[in-house]
1. Given the conditions (1) in a loop (DSSP other than H, G, I, E, B); (2) touching a residue at least 12 places away in the same chain (Cβ under 8 Å), which single one is not true for CYS25?
2. Select, from PHE95, PHE117, PHE80, PHE84, the only residue that is buried (at least 16 other Cβ atoms within 10 Å of the Cβ) and at pLDDT below 90.
3. Going through the stretch 32-65 one residue at a time, which ones are of a type in the set (D, E, K, R) and open to solvent by 60 Å² or more (accessible area, probe 1.4 Å)?
4. Which ones in the stretch 28-49 are closer than 17 Å to SER72 by Cα and either among the aromatic types (Phe, Trp, Tyr) or assigned to a strand (DSSP E or B) (or both)?
5. Of all residues being in contact with a strand residue (DSSP E or B) (Cβ under 7 Å, 6 or more places away or on another chain) and not aromatic (Phe, Trp, Tyr) in the stretch 125-134, which is modelled with the lowest pLDDT? Just the residue, please.
6. Is there any pair with a first residue in the stretch 134-151 that is closer than 18 Å to VAL100 by Cα and a second that is surrounded by fewer than 10 Cβ atoms within 10 Å (Cβ to Cβ) and at pLDDT below 65 whose Cβ atoms are under 7 Å apart and which are 6 or more apart or on different chains, and what are they?
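The values are calculated or read from the model by the stated rules, or taken from the named source; none is laboratory data. From a predicted model like this one, the values you see are computed outputs, not experimental measurements. No Cβ is skipped: glycine too gets one built from the backbone with ideal geometry, and neighbour counts run over all protein chains shown. Accessible surface is based on the protein model in full, side chains and every heavy atom, while ligands, DNA and RNA are left aside. Shrake-Rupley method; radii C 1.70, N 1.55, O 1.52, S 1.80 Å.
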Amino acid sequence: HIRRDSSGYQRIRTFSEANDSGMCCAWNSSGMCFASANQDGSVCVWDLRSTKVLTKLRTTSNCACRVVKFSSGLTDLMAFSEHFSRFHVVDARTFAYEQVCSVSEAEDQHDISGLSFSPDGSKLYTCIEDSLLGYNVDQTSRRSFPDGNLI
């Protein structure tokens, strides 16, 4: 017996790893992994083939995580934002390297309302209260598996 809700959709699987509400979810470009950004400050990444958690990352101050996105193209990056002032860029090949970026000086705090990669993965944009901020992704270094900065 298949149980459907009033819309006609049926739940096929439940993924649970966070301790609070999910805020956003995203798929990588291959469609094999997806991530959730959560109110408890965690970002969980699952492998759809095994339904196992590949990694669980956290915001630096354990504040809410608002958004998570994967890049497209050859860069294989994932980015997620903290509730305010910082976003993280992660190597989505291994999830072993993470760069934390600040959108302002230490004494200034800005709410982050969104984050997105450009279609070719060459830029990363984040929204704060009154501005859209753009960052270049170092694609040449990224393709050669660098140990340095991602953006």
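1. Single failed check for CYS25: (1).
2. Working: PHE95 fails: at pLDDT below 90; PHE117 fails: at pLDDT below 90; PHE80 fails: at pLDDT below 90.
Every option except PHE84 fails the conditions.
3. Hits for the stretch 32-65 are ARG49, LYS52, LYS56, ARG58.
4. Of the residues in the stretch 28-49, the ones closer than 17 Å to SER72 by Cα are 28-35, 45.
Hits for the stretch 28-49 are CYS33, PHE34, ALA35, VAL45.
5. Here the residue is GLU129.
6. SER141/GLY148
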